[in-house]
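Read through the structure below, which is laid out as structure tokens, and then see the notes.
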Amino acid sequence: MEKKQKIMGVVLIGMMAAYAGVSFLTHHLYPFIADDLWYSTNLVTTKAVSSVGDIVESQIWHYFNWGGRSISHSILQLTLWSGETIADIWNVMVTFLLAFIICKLAGGKGLLMMFLGLSAFPALIPGWEAALFWQSGTANYLYISVFVFLYLYLLFRYLRGEKLSLWLKMLSIPLGLIAGWSNENVGPTVFILAVMIILIHHAETKKVDIWILISNIACLAGSVLLLIAPGNSVRGAYAEQGYGIVWRIFLRCYAECRGLFESLFPLLIIVACVFAFGRGFYRIKIGKERGLLLFGALLTWGALVLSPVIIDRAYFGTVLFLLAFIISYLKDIIAREKRMEGYVFGLAVILWLRSLYMMLTYVCTYWGWIK
């Protein structure tokens, strides 16, 4: 048995190395385009970004004139300033880091769970090119999600009754601010989940730690700053010009249904199968954590009805919540019956193959090998 574990470990490392190589190649061939070219300049002077001061000046202007995602776009300008090759390296590293954090949040341990989480990128990500390989998309979804789910991980540790060190408690405050100031549908969702965690913990222990209250206030502040940005109204005014209120409601509801039955449907099938197997066959309850993950997915999906424009990559946060739910259930199934590890490995390999297929299709198309 130990020998089989070692062999599987070597195989998993090799497959993740292959993923890293193909991912880097795809990033390398995906150029800075469209919004990248604008954000690579000082938005006030239109000259190329050459200092942190340029980024600060740009984001102050951006907040009042185009949108409230100040932190995401600061990250974007920093990565653009670093140059394409450095940005490519960072993008691959951040992808691995996000997969790791999702696994930790879900309570998954070992290379298999990490491999499963990693293989979902881009296999299960709607609008995967824009969310994972277009630099503007990576900053707004991939990079910012690291902060969001790292904050949630600390909250889940608190819910589990684990003791956090002083520096982690202090770190939770800026993480809460950044998580709230992430995306319009994710920031408020994280705040609501944090409130629920505080209430659950209080109901069980009759106490609340001051650090989690402060961090959640910071999360609320970030969400408010994001949503009230004057630039949001400027940008939103362009999206629904010429439509009456009834037609706007119809279009938004249609977009929500389209997201559910098209963009998210393959992932929902996996979620349903994992739940049916785990709950129906092994009698494993959803529990508090998985319930919160499902509720987070529901909120991030539902909140988009308030957006004048819904694009596929906006479901990135929803996908991550559902992915964490899947990993959480599967690790409990494996803990109940070890032989299920092979079946989980099979699922991960299928997702890994789909991810490599998608990335290599882009590469081969770029090189002109396929059309």
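Things worth noting here:
- The condition of being of a type in the set (S, T, N, Q) and free of Cβ contacts under 8 Å to residues at least 24 places away in the same chain holds for only one of Ser72, Ser51, Ser23, that being Ser51.
- Residues of the stretch 6-20 satisfying the condition of being open to solvent by 60 Å² or more (accessible area, probe 1.4 Å) and in contact (Cβ under 8 Å) with a residue 40 or more places away in the chain: Ile13
- Check on Pro174, surrounded by fewer than 20 Cβ atoms within 10 Å (Cβ to Cβ) and within 30 Å of Asn232 (Cα to Cα): yes
- If only residues of the stretch 180-215 that are over 25 Å from Leu320 (Cα atoms) and among the β-branched types (Val, Ile, Thr) are counted, the one that is surrounded by the most Cβ atoms within 10 Å (Cβ to Cβ) is Ile214.
- Annotation note: Cβ proximity below 8 Å between a residue of the stretch 28-44 that is in contact (Cβ under 8 Å) with a residue 60 or more places away in the chain and under 16 Å from Ala139 (Cβ atoms) and a residue that is part of a helix (DSSP H, G or I) and open to solvent by 50 Å² or more (accessible area, probe 1.4 Å) (sequence gap 6+ or interchain) occurs for Tyr30/Glu129; Phe32/Glu84.
- Considering residues of the stretch 39-91 that are surrounded by 18 or more Cβ atoms within 10 Å (Cβ to Cβ) and of a type in the set (Val, Ile, Thr) only, the residue nearest to His27 (Cα to Cα): Thr79
The values are calculated or read from the model by the stated rules, or taken from the named source; none is laboratory data. Predicted model only: the values in this text are computed from it and were never measured. Neighbour counts are summed over all protein chains in view; Cβ atoms, including those assigned to glycine, are modelled from backbone coordinates with ideal geometry. Each accessible area value is taken on the protein alone, full model and side chains, heavy atoms only, with ligands, DNA and RNA left out. Shrake-Rupley method; radii C 1.70, N 1.55, O 1.52, S 1.80 Å.
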